[in-house]
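Every number here is computed from the coordinates shown, using simple stated rules; none is lab data. As the structure is a prediction and not an experimental result, all values here were calculated from the model. Glycine also receives a Cβ, built like all others from the backbone with ideal geometry; neighbour counts cover every protein chain displayed.
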C-alpha cells in the first residue's frame, strides 16, 4: 500500500510541475504561433525615467497576424476627438494634432527568431512615415494568451512596452 501512495504522490508532483511549466513564459517558434488576432492591454512609454500610458488609460488597439506573416497593427487613444466638420480632409490643426499624436498604424510582414526571442516587423507603410520601409527587431515573450514586446525607439520617443491579449 505505501508503494501506491509514493507512486501517486510522484505522479501528482509531475502533473503539478507540468501545469506550472505550461503556465510559464514560452517563446513562439514560428510566425504561425503568433497568427491570429490580438487586442491591446497596455502600451507604456518610458522616457527620461518617467512612465506614461502612450495611448491613454484605456487604449484601443488590434494586431492581426496571418499564417504567412502578413500583419496589420493599429493603436488609438479612446478619447480621440471627433472632427467638427465631419470630413477628415478639413479637420482643424488642433483636431489633426490630437489624432496624429493619439494614434499610429502600420502594416507589412513579421517574422520570429526563436533563437534570440525577437520578432521583426518589416514595415511597408505606417501613419508615422519615418517607419516606412524599415525593419524593427523587438524582444518579446508569450505567456499563455499574452504577448509582450518592447520597442527600443518608440515613434513618440523613449522606449515603449506593448502588452497584447489573444482575442477569443
### Summary
For residue 146 and residue 107, extending 7 Å from Cα along the Cα-Cβ vector and measuring point to point gives, in nm, a value of 3.0 nm
### Message
Can you tell me the length gained on complete extension of the stretch residue 86 to residue 46, counting 0.36 nm per residue apart and subtracting the Cα distance?
### Response
10.9 nm
## Note on the structure
Honestly segment 25-166 on the Cα gyration tensor test (a ≥ b ≥ c root eigenvalues; a/c under 1.5 rounded, otherwise a/b vs b/c for prolate or oblate) is just prolate
### Message
How far apart, in nanometres, would the label points at residue 39 and residue 130 be if each is projected 7 angstrom from Cα along the Cα-to-Cβ direction?
### Response
3.2 nm
